[in-house]
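The structure under discussion appears below in the form of structure tokens.
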Amino acid sequence: MRYAILGDIHANFQALEAVASALEDEAVDRVVSVGDVVGYGADPALCIALLRDLKASVVAGNHDWAAIGRLEPEFFNPYARAAIEWTAATLTTEEKAWLAALPLVAHFDNEVSVVHATVESPERFDYIQSYYDAARSLNAMSTPVCFSGHSHVPLAFVVRDALTFTLSPVLDLKGSFRALINVGSIGQPRDENPKAAYAIYDSTSQAYTLKRVAYSVQEASARIRAVGLPAVLGERLLLGR
Ligand code: ZN
């Protein structure tokens, strides 16, 4: 089974469209998304529609929950909160129902799981900031490989003889006991690379590759200004942070 894994999209339609067109050459069997479909960006409705076109399996992120009122945005910075309020006012009832129906975790064929933040308590949307945090998620996994998002920084925790982490975009997972892999972000990368990030995983060869796609960051940034969202949310896209 060949998977495409989409990192945090954040209503950046220009970035998602570039990834969708890259996927036309990837011959994947299944498209999955680690959530945070909305928030920060200017085109939440278009992103939801494109994910539905792709028949993507999507899990809920904290911004998705905040946009439907399921999570108080008390820990959001003022810009993120402004974007959530704008998003909530922009989406239709039907689009919000789609967000509300997203599960917190998805499992595929006993080989792959997808979650936004941590595996052991996905509804808390905690960040994985240490080996200790990673080990708690790895111990809670029910499949050998789990893909996640949330931090917008691609990196992988892999257990073979011991728990290690790697920033390598290419991983051979044969012989590994477990792997917890953050696939970065499509719509708001924070690893100082403005290109959209998505990943391909082939469960037969157990080969993982993180890919980057250039798109019109200027256009996404201009859209953010055009709809009246804080300009800083567009400016950070140009820097990838
Ligand atoms: Zn996010």
Quiz item: Do the conditions hold for Ala97, that is, is it out of contact with any Pro (no Cβ under 6 Å at 6 or more places or on another chain), of a type in the set (A, V, I, L, M, F, W, C) and more than 27 Å from Thr166 (Cα to Cα)?
Solution: yes
Exercise. Give just the number: which of (1) surrounded by 21 or more Cβ atoms within 10 Å (Cβ to Cβ); (2) over 30 Å from Glu219 (Cα atoms) does Gln206 not satisfy?
Key: (1)
Quiz item: Do the conditions hold for Leu173, that is, is it closer than 23 Å to Ala27 by Cα, more than 16 Å from the ligand (Cβ to nearest atom), touching a residue at least 12 places away in the same chain (Cβ under 8 Å) and not small (Gly, Ala, Ser)?
Solution: yes
Quiz prompt | the stretch 176-200: number of residues that are β-branched (Val, Ile, Thr) and either more than 12 Å from the ligand (Cβ to nearest atom) or over 26 Å from Ser21 (Cβ atoms) (or both) | solution = 2
Quiz item: Within the group Glu95, Glu74, Glu120, which residue is modelled with pLDDT under 95, away from the ligand (no atom under 16 Å from the Cβ) and outside any strand (DSSP E or B)?
Solution: Glu74
Quiz prompt | Filter result (crowded, with 24+ Cβ neighbours inside 10 Å and closer than 14 Å to Trp98 by Cβ) within the stretch 12-46 | solution = Ser33, Gly35, Val37, Val38, Pro44
Quiz prompt | Within the stretch 102-114, tally of residues that are touching a residue at least 40 places away in the same chain (Cβ under 8 Å) and either out of contact with any Phe, Trp or Tyr (no Cβ under 8 Å at 6 or more places or on another chain) or aromatic (Phe, Trp, Tyr) (or both) | solution = 8
Quiz item: Taking the stated definitions as given, is Val145 surrounded by 15 or more Cβ atoms within 10 Å (Cβ to Cβ), among the aliphatic types (A, V, I, L, M), in contact (Cβ under 8 Å) with a residue 24 or more places away in the chain and within 13 Å of the ligand (Cβ to nearest atom)?
Solution: no
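The values are calculated or read from the model by the stated rules, or taken from the named source; none is laboratory data. In this text the structure is predicted, and so the values were computed from the model without any measurement. Here the Cβ is made from the backbone with ideal geometry for all residues, glycine too, and neighbour counts use every protein chain on show.
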